[in-house]
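Just below is one structure, and these are the notes that go with it.
All of the numbers you see were taken from the coordinates with simple rules; none came from a lab. As the structure is a prediction and not an experimental result, all values here were calculated from the model. Here the Cβ is made from the backbone with ideal geometry for all residues, glycine too, and neighbour counts use every protein chain on show.
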Amino acid sequence: MTDKALIQSICDSPVTRHQFGRFQFFLKRDELLHPEFSGNKARKFMSLLTGNYRHIKTITSYGSPQANSLYSLAALAQIKGWRLEYYVDHIPEFMQQNPTGNYRAALGLGAKIIATNNEAHGFLRPEDYIHRYLPPRDDTLIIPEGGRCELARDGVSALAYELLAWIKENQIRSPVIALPSGTGTTALYLHQIMKMYHIPVITCACVGGKDYLIQQFLSLQADSYPTMLELPKKHHFGKLYQENYHIWMQLYHQTNVEFDLLYDPLMWRCLRQNEAEYSKMNLIYIHQGGIKGNESMLPRYQRKYPDIDKLAFNQSPALSPDT
């Protein structure tokens, strides 16, 4: 497939309609954009497909060995014939011996994953190691963790205009856009366009709290923000909450759609906390992909809560709705 044909295929994801409890909502299916290059990372990195990067041979980035961005960048590098060097703090021994999820998939696509919290790399954080020891090269592109940079604006803007066209075509009244946030880049760039059309964007801080998310917005020179929802109690990123698992399973059983197990449950818990307000609007939820990471999250729940729902771990999360 040529770059042009690929670019045309990674756009205009379908919108489906669902019921979840008292929410009747529309789902923007960005997890269906491409078998390997999909979700919000495909949107963020879209400009690397559309732009003139013929001089690039290597992409350098950093983050978690189970990050969605690792898998997406590995897929992008393979599509473009580039090399990916991805720096992480450390790779747990269990993960090295039993690769799964985004880590396994990225290795399969040829990614070079390098741990820096060791003597050979000065026990540095990945970002510090890159800036200290990797000199700038004309053929190398350094991408911040999670794609938090101006590079993401074009792809997210394309998503915004797809949504606007769909809203107009379907005469949707009182729409509201919802999505969870890691770095908040997608939510912010959507907000900056949607506010011109008086369409609210709501999100929640998954990686840190509200203050952390505001810091991420400010780093992108934001002068206004999406609406940020919070739970009454602090939510710790990556911690296994039975409530998260339960709402994730409920989502599947009621929608027949697999959601991400790390980010989406928190957003839906926040939406339920604010059900009186948002269930009366036309909620458009953005599925941002990330389901490859469920391969590693599900066994963690199994180990911690062996009786939570054993059937769910004997198959893909895609159980029969009648099970």
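Some points to look at:
- Neighbour counting of Cβ atoms within 10 Å sorts the residues Tyr278, Tyr212, Tyr197, fewest neighbours leading, into Tyr197, Tyr212, Tyr278.
- Exposed trypsin sites (Lys or Arg not before Pro) absent - longest run of the chain, DSSP non-H/G/I/E/B, at most 14 other C-beta within 10 Å: 55-136
- Taking every DSSP helix (H) stretch of at least 4 residues in the chain, weighting each as -39,500 (n - 2.57) and dividing the sum by the residue count yields a mean residue ellipticity at 222 nm of -11500 deg cm²/dmol.
- For the chain, a/c is not less than 1.5, where a ≥ b ≥ c are the root eigenvalues of the C-alpha gyration tensor, and a/b does not top b/c. That puts it in the oblate class.
- With distances taken between every two different alpha-carbon atoms, the range 40-133 has a Kirkwood hydrodynamic radius of 13.7 Å.
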